[in-house]
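As structure tokens, the structure follows; a few thoughts come after it.
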Amino acid sequence: MAVCGVAAALAVAGGVAGAQQAAPSATLPVARIAVVDTGALMRDSKPARRMLAQIETLNATLQADASEAESRLRSERDALNAQRNVLSEEGFQQRARAFEEEVRGTQMGIQERSRAIQLAQQKAQSQLRAAIEPILKDLVTETGATLLLERQRVLLHDTAMDITATALARLDALDPQIEVTLTGAEP
């Protein structure tokens, strides 16, 4: 019994001592929280819409070029197959290898352009994020917020905490020119 009593006394004493050690953390400032939807800024702002339109145009051009190449290669394949009985076996094999090489080259070119578009999109998005960051910093300072959270990560919040509309208006007013620039694989 005495051992249990001593253990209980130590546990209580430890709890009191632990509470005394935790006291300094009680001096932390009160958190003032703001919430922002960066997805909306990256999607709905003027510069974002222009950027997305440029990317859509590049992708549409790539798709049209790929369809044209596919049609052309299909015609070449059909013409080659039609010559199969006219050409010698060696002549046919030689043309078939050249055709296969052309197909591979065309596929590689299309893949390279697709990668270039993806890279250009990533760079443009980075430019847009760089334009958004100082706007958010200013809003945090102006509102006195000590913590800025992404709205998608917050379950519930008071709408007064949401600075998205103000950030969007400022981004649209600033209207940075975000260019989607391809490097390497030009159409």
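Worth pointing out:
- Distant-in-sequence amide contacts of residue 149, defined by a placed amide H-H separation under 5 Å and a gap of 5 or more residues or a different chain, comprise 34, 35, 36.
- Length released on extending from residue 152 to residue 74, taking residue separation times 0.36 nm less the Cα-Cα span: 23.4 nm
- Phi angles of the range 52-58 translate, via the Karplus equation with coefficients 6.51, -1.76, 1.60 and θ = phi - 60°, into HN-Hα couplings of 5, 5, 4, 5, 4, 5, 4 Hz per residue; Gly and Pro are given as x.
- Residue 99 versus residue 87: modelled label distance in nm, points set 7 Å from Cα along the beta carbon direction: 0.7 nm
- Coil-residue GluC sites (Glu not before Pro) of the range 118-187, DSSP, other Cβ within 10 Å capped at 13: 179
- The range 42-187 shape via C-alpha gyration tensor axes, a/c threshold 1.5: prolate
- Per-residue packing, averaged as other Cβ atoms within 10 Å, sorts the ranges 78-85, 93-100 into the order 93-100, 78-85, beginning with the highest.
- Compared with the alpha-carbon gap, the fully stretched path from residue 40 to residue 108 is longer by 21.0 nm at 0.36 nm per residue.
- Rounded to whole numbers, the Karplus 3J(HN,Hα) couplings from phi for the range 83-96 are 8, 4, 7, 8, 7, 5, 4, 5, x, 5, 4, 5, 5, 5 Hz, using 6.51 cos²θ - 1.76 cosθ + 1.60 with θ = phi - 60°, and x at Gly and Pro.
Every number here is computed from the coordinates shown, using simple stated rules; none is lab data. Not measured: the values here are computed from a predicted model. Cβ coordinates were reconstructed from backbone atoms using ideal geometry, including for glycine residues, and neighbour counts include every protein chain displayed.
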